[in-house]
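The values are calculated or read from the model by the stated rules, or taken from the named source; none is laboratory data. All values reported here derive from a predicted model rather than from experimental measurement. Cβ placement follows ideal geometry from the backbone for every residue including glycine, while neighbour counts extend to all protein chains displayed.
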There are 2 protein chains.
Amino acid sequence: MTLKLYVDRMSQPSRALLIFCKLNGIDFEEIYINLSKRQHLSPEFKEVNPMKQVPAIMDGRFKLFESHAILRYLACAFPGVADHWYPADLYKRAKVDSVLDWHHSNLRRAVYVFSTVFAPAFGLPLNQQAAAEAEKVLLASLAKIESVWLQKKGRFLLGSGQPSIADLSLVCEIMQLEVLDSKDRERIIGPYNRVLKWIDDTKNAMEPHFQEVHLILFKAKEKLQKQRDAVGSSIPQSSRKLDLHSKM
Amino acid sequence: MTLKLYVDRMSQPSRALLIFCKLNGIDFEEIYINLSKRQHLSPEFKEVNPMKQVPAIMDGRFKLFESHAILRYLACAFPGVADHWYPADLYKRAKVDSVLDWHHSNLRRAVYVFSTVFAPAFGLPLNQQAAAEAEKVLLASLAKIESVWLQKKGRFLLGSGQPSIADLSLVCEIMQLEVLDSKDRERIIGPYNRVLKWIDDTKNAMEPHFQEVHLILFKAKEKLQKQRDAVGSSIPQSSRKLDLHSKM
């Protein structure tokens, strides 16, 4: 019985699962749950995940959702997965768990709001309060990754020389900012040198799968940029306010 | 070297750790980090937890924060802890992880906002939008606990006959609603019969420690009620709007 991944590549935790399986030679069937067509709300998918969210998996008859729980499960259930992804050592594992748990209330929350507020909403009314609050949490989260989670001695989180499922999950999350205007992304993430280097190191450690699984996001970025350009050219030069900062 | 718990009993994840250690006969030293005196922001505590939040632990020289990561660690590090708290079985453990991860983006987020918006804010301006949004997430979370996480066959989450660290974490979270007016708490949680029974079952399975560790919350509830009564009696009967619902 093959492992089934119920995913939409536009969702960042979906991409993390796909990359993890591809990197670790885990056979799987990719089942596309198209979020924009609201397929996650269908009665069929509710049988897989009663919370109606992607990603979810079925491994034989075993059903599981929540991407961090799935990553932990896959790392333990498939013997070919190298230890660095989710170390068996009690202390190292606890530290990876600490990053994964921290992620929920910080980076994840911020990026989610930020990208959903801005990316699809071009031309629509902006929830300024939500956006400002999300930017605050996002900047604080990036600062904590820079000063706490990334240490001098290793290229990856927690000073490790090899990536864990926490590196994978957090970098896939930050990639969601690709949908923003390049200038805005640069303004937000540019000041964090260690974060930028870590994103590159993580990408490089996961090629060619990282690039391949993110293709959909790069296409979405291109499409959004065209929309922004079109909106821009139809607005008088004096009143163009396309960069995020000016909307705050 | 004794385990050190850096906690404030007014924080729900702090209480979960204390109850867990007491129930499992784990020796520890309780170090009070008084949140209302902003002791979590002190340079000394930053050495323990650079994120400046409680709870955190030091086990010998090993430092850890994030309550779920700590609960997982304690369950694995101390051999006397019974298996049901965090099962060694891969499938059962993955399900407990799934509940713990779900908790972050649902119940925890809602209760946190809800209790911080309402409890200390009596007499202060109300952020109606945040409160309404938090109530929506809270009610949806309770409905999911009732219909998904609680099953017919067992008294605890995931149909288990004994509690896990997920029962402990979620029930401590819901207890935070004690600071609300009784009528409001009843209005919010009253319709969820399984949730109510599960809270009672969890409390009963954890006595006398559950009650003892929550004493501080019951005292806070009493104090807040007196404040509410005082505010109520100084406002003309016709314009009293003490129940939550009327503030939405």
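A few notes on this one:
- Any chance residue A:92 is at pLDDT 95 or above, outside any strand (DSSP E or B), closer than 17 Å to residue B:99 by Cα and over 18 Å from the mean Cα position of the chain (by Cα): no
- Residue in the range B:34-53 that is farthest from residue B:12 (Cα to Cα), counting only those that are more than 14 Å from every other protein chain (Cβ to nearest Cβ) and among the charged types (D, E, K, R): B:44
Yes or no, residue by residue, for (1) within 14 Å of chain A (Cβ to nearest Cβ); (2) in contact (Cβ under 8 Å) with a residue 60 or more places away in the chain; (3) closer than 19 Å to residue B:108 by Cβ; (4) more than 15 Å from the chain's Cα centre (by Cα):
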{"site": "B:141", "(1), (2), (3), (4)": "yes, no, yes, no"}
{"site": "B:150", "(1), (2), (3), (4)": "yes, no, yes, yes"}
{"site": "B:153", "(1), (2), (3), (4)": "no, no, no, yes"}
{"site": "B:163", "(1), (2), (3), (4)": "no, yes, yes, yes"}
{"site": "B:166", "(1), (2), (3), (4)": "yes, yes, yes, no"}
{"site": "B:184", "(1), (2), (3), (4)": "no, yes, no, yes"}
{"site": "B:193", "(1), (2), (3), (4)": "no, no, no, yes"}
{"site": "B:202", "(1), (2), (3), (4)": "no, no, yes, no"}
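- When the criteria are applied in full, residue B:80 meets the requirement of being at pLDDT below 95 and within 23 Å of residue A:92 (Cα to Cα).
- Within the set A:94, A:69, A:56, the sole residue that is within 13 Å of chain B (Cβ to nearest Cβ), among the small types (Gly, Ala, Ser), at negative phi and touching a residue at least 40 places away in the same chain (Cβ under 8 Å) turns out to be A:56.
- Taking the conditions (1) more than 30 Å from residue B:30 (Cβ to Cβ); (2) of a type in the set (Lys, Arg); (3) not in a helix (DSSP H, G or I) in turn, residue B:155 satisfies each one other than (1).
- Among residues of the range B:33-51 that are more than 21 Å from residue B:62 (Cβ to Cβ), those with a beta-carbon under 6 Å from a residue that is of a type in the set (Val, Ile, Thr) and at pLDDT 95 or above at least six positions away or on a different chain give the pairs B:39/B:33.
- Filtered residue count, the range B:33-54, keeping only those that are of a type outside the set (Ser, Thr, Tyr) and part of a loop (DSSP other than H, G, I, E, B): 9
- Of residues in the range B:44-75 being more than 21 Å from the chain's Cα centre (by Cα) and among the hydrophobic types (A, V, I, L, M, F, W, C), the one farthest from residue B:24 (Cα to Cα): B:45
- Only a single criterion out of (1) surrounded by 21 or more Cβ atoms within 10 Å (Cβ to Cβ); (2) at the interface with chain A (Cβ under 8 Å from one of its Cβ atoms); (3) under 22 Å from residue A:56 (Cα atoms) is not satisfied by residue B:86, namely (2).
- Any hit, the range B:128-138, residues being surrounded by 16 or more Cβ atoms within 10 Å (Cβ to Cβ), within 16 Å of the chain's Cα centre (by Cα), more than 14 Å from residue A:66 (Cβ to Cβ) and at pLDDT below 85: yes
- Checked against (1) within 13 Å of residue A:102 (Cβ to Cβ); (2) crowded, with 16+ Cβ neighbours inside 10 Å; (3) of a type in the set (A, V, I, L, M, F, W, C), residue A:177 passes all but condition (1).
For every residue, the table says whether it meets (1) modelled with pLDDT of 95 or more; (2) part of a strand (DSSP E or B); (3) crowded, with 21+ Cβ neighbours inside 10 Å.
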site	(1), (2), (3)
B:10	no, no, no
B:31	yes, yes, no
B:73	yes, no, yes
B:102	yes, no, yes
B:116	no, no, no
